Amino acid sequence: MKIAVASGKGGTGKTTIAVALALAADEPVQLLDCDVEEPNCHIFLSFNTEEEADVEVLKPVIDETKCINCGRCAEICQFNAIVNLKIKTLVFPELCHSCGGCSLVCPTKAITEEKYRVGILQKANSIDLEFAMGKLDIGQAMAVPVIKAVKALADNNKIVIFDAPPGTSCPFIQTVSDTDFVILITEPTPFGRHDLSLAVDTIRKLGIPFAVIINRVTAKENLITEYCRQQNIDIFLQISEDRAVAEAYSRGENLLQAKPQLKTVLQDVIIRIKNILDPGKTQGGC
Amino acid sequence: MKIAITAYGESLADAVDSRFGRASKFMVYDLDKDTFEIVNNSQNLNAPQGAGIQAAQNVADLGVEAVITGHCGPKAFSVLKAAGIIVYNTEAKTIQEAIQLFKEGKLTNTGSPDVDAHWV
């Protein structure tokens, strides 16, 4: 079962809750940090990296001795990464999306695709939690290839929790696509509500079941409960605003260390998701 | 000799577009005949990336020797340079004024891009 923890607005508590959810689960779980531009799950987990691998994509290289400057590669490129100037053909690798079109259409086989590192994958294991993260290299603009590499590590025999990046653009969509359920983390503020509505619209288009967890709540009836009522959206949990949580966070401690009572509550969230996805097979729980 | 100027409108009295890649039009001015034509560059208005590169490719296809614009980024600049086109930056308010300054040799050709790489 693949669960993505996403938001809309940044800073609502995705990583806080994704880590807590993974630690609370009482069955084999895998936590994959897909926020490759600024991964931070590892800050709250106490083990070291065991394995590293480069994330590479392919970029075109033109052999000028074979290139006849016909311009077919520039014509097929949708990303303006290749320019044909009649007397020479220029490649801008930083704009290339590695579709392979240019090398396919070249009539003289002047284009070879060469490996180009864009980021790194790091993996670690402990008894009941398998963890991996991706990190986009500084200076690279495209997170998606690194996110794909992280997601490729998903083990279908476990509960896989994806810590998604904030926002609703390509990195978010790449992370939540093909997951079974999305938990949207938000906060009861105007920005929280606004960005939540953007995330909801996007997830509805993707057709993935979802529910909301409201973090840092001070009043039981708030902007988010009002929005969710209007939109007929399930709220799984409201977590109270609590300075103790912020203090623990600042010490690099996870949510369960600050609030151990949330363990059973989060286990119930997982059971609830299972029941939604497979209503015929209702799970037990407190 | 022909030059291209990034243009907000279709007449000499219109403003110079300070952007290169996302300019909606180019005015291609023939300095020998004092005539001009307007070339559309609007396919770049919604391009998510590579607008400067695409505009530079369009300009290279026009057979001009120079471009007059407000600002030009590094990728567009490298394409224009490879095509042998010189880039002049101007703060002239109208196209007419820019052309006049060019004729008088008063425009600066810095030989390098004058803004950093950017997406929009």
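The values are calculated or read from the model by the stated rules, or taken from the named source; none is laboratory data. This one's a predicted model, so the numbers in the text were calculated from it and none came from an experiment. So basically every Cβ, Gly included, is an ideal-geometry build from the backbone, and we count neighbours across all protein chains shown.
Only one of these conditions is not met by B:ALA23: (1) among the hydrophobic types (A, V, I, L, M, F, W, C); (2) closer than 23 Å to A:ILE87 by Cα; (3) more than 13 Å from every other protein chain (Cβ to nearest Cβ). Which number is it? B:ALA23 satisfies all of (1) among the hydrophobic types (A, V, I, L, M, F, W, C); (2) closer than 23 Å to A:ILE87 by Cα; (3) more than 13 Å from every other protein chain (Cβ to nearest Cβ) except (2). Out of all the residues in segment A:43-60, is one or more more than 27 Å from the chain's Cα centre (by Cα), more than 10 Å from every other protein chain (Cβ to nearest Cβ) and either aliphatic (A, V, I, L, M) or surrounded by fewer than 20 Cβ atoms within 10 Å (Cβ to Cβ) (or both)? No: zero hits. For segment B:22-46, a residue qualifies if it is closer than 19 Å to A:GLU75 by Cβ and buried (at least 19 other Cβ atoms within 10 Å of the Cβ), and the qualifying residues are B:ASN41, B:ASN44.
Going by the conditions given, is B:GLY70 within 13 Å of chain A (Cβ to nearest Cβ), crowded, with 16+ Cβ neighbours inside 10 Å and closer than 24 Å to B:TRP119 by Cβ? Against the criterion (within 13 Å of chain A (Cβ to nearest Cβ), crowded, with 16+ Cβ neighbours inside 10 Å and closer than 24 Å to B:TRP119 by Cβ), B:GLY70 does not qualify. Put simply, of A:THR108, A:THR112 the only residue that is modelled with pLDDT of 95 or more, out of contact with any strand residue (DSSP E or B) (no Cβ under 8 Å at 6 or more places or on another chain) and either surrounded by fewer than 17 Cβ atoms within 10 Å (Cβ to Cβ) or in a loop (DSSP other than H, G, I, E, B) (or both) is A:THR108. Return yes or no: is B:THR6 within 29 Å of A:CYS96 (Cβ to Cβ), at pLDDT below 90 and more than 14 Å from chain A (Cβ to nearest Cβ)? When the stated conditions are applied, B:THR6 does not pass them. Could you please let me know if A:ILE147 is in a helix (DSSP H, G or I) and surrounded by 19 or more Cβ atoms within 10 Å (Cβ to Cβ)? Against the criterion (in a helix (DSSP H, G or I) and surrounded by 19 or more Cβ atoms within 10 Å (Cβ to Cβ)), A:ILE147 qualifies. Checking each residue in segment B:73-119 for being of a type in the set (Phe, Trp, Tyr) and more than 14 Å from chain A (Cβ to nearest Cβ) picks out B:TYR88, B:PHE102. Residues in segment A:83-98 that are more than 9 Å from chain B (Cβ to nearest Cβ) and either touching a helix residue (DSSP H, G or I) at 6+ places or on another chain (Cβ under 6 Å) or part of a loop (DSSP other than H, G, I, E, B) (or both): A:CYS96, A:HIS97, A:SER98. Of the residues making up segment A:28-72, those that are charged (D, E, K, R) and either farther than 16 Å from A:PRO165 by Cα or not in a loop (DSSP other than H, G, I, E, B) (or both) are A:ASP33, A:GLU50, A:GLU51, A:GLU52, A:ASP54, A:GLU56, A:LYS59, A:ASP63, A:GLU64, A:LYS66, A:ARG72.
The single condition among (1) free of Cβ contacts under 8 Å to residues at least 12 places away in the same chain; (2) not in a loop (DSSP other than H, G, I, E, B) that A:ILE138 does not satisfy is (2). I'd like to know if segment A:111-119 contains one or more residues that are aliphatic (A, V, I, L, M) and out of contact with any Pro (no Cβ under 7 Å at 6 or more places or on another chain). No, segment A:111-119 contains no residue that is aliphatic (A, V, I, L, M) and out of contact with any Pro (no Cβ under 7 Å at 6 or more places or on another chain).
Pairing each residue of segment A:229-250 that is part of a helix (DSSP H, G or I) with any residue that is of a type in the set (A, V, I, L, M), provided the two are 6+ apart or on different chains, yields C-beta distances under 7 Å for A:GLN231/A:VAL200; A:ALA244/A:ALA258; A:VAL245/A:LEU255; A:VAL245/A:ALA258; A:ALA248/A:ALA258. Among residues that are at pLDDT 95 or above, in a strand (DSSP E or B) and crowded, with 17+ Cβ neighbours inside 10 Å, A:ARG216 is included.
Take the conditions closer than 16 Å to A:THR15 by Cα, of a type in the set (A, V, I, L, M) and out of contact with any Asp or Glu (no Cβ under 7 Å at 6 or more places or on another chain) and apply them to A:ILE185. Does it pass? So A:ILE185 fits the description; yes. Every condition in (1) over 10 Å from the mean Cα position of the chain (by Cα); (2) in contact (Cβ under 8 Å) with a residue 12 or more places away in the chain; (3) more than 14 Å from chain A (Cβ to nearest Cβ) is met by B:VAL16 except one, and the failing one is (1). Here is a list of conditions, (1) out of contact with any helix residue (DSSP H, G or I) (no Cβ under 8 Å at 6 or more places or on another chain); (2) under 20 Å from A:GLN78 (Cβ atoms); (3) in a loop (DSSP other than H, G, I, E, B), and B:ASN58 meets all of them except one; can you say which number that is? If we test B:ASN58 against (1) out of contact with any helix residue (DSSP H, G or I) (no Cβ under 8 Å at 6 or more places or on another chain); (2) under 20 Å from A:GLN78 (Cβ atoms); (3) in a loop (DSSP other than H, G, I, E, B), just (3) comes out false.
Of all the residues in segment A:243-268, those that are surrounded by fewer than 15 Cβ atoms within 10 Å (Cβ to Cβ) and more than 24 Å from the chain's Cα centre (by Cα) number 7.
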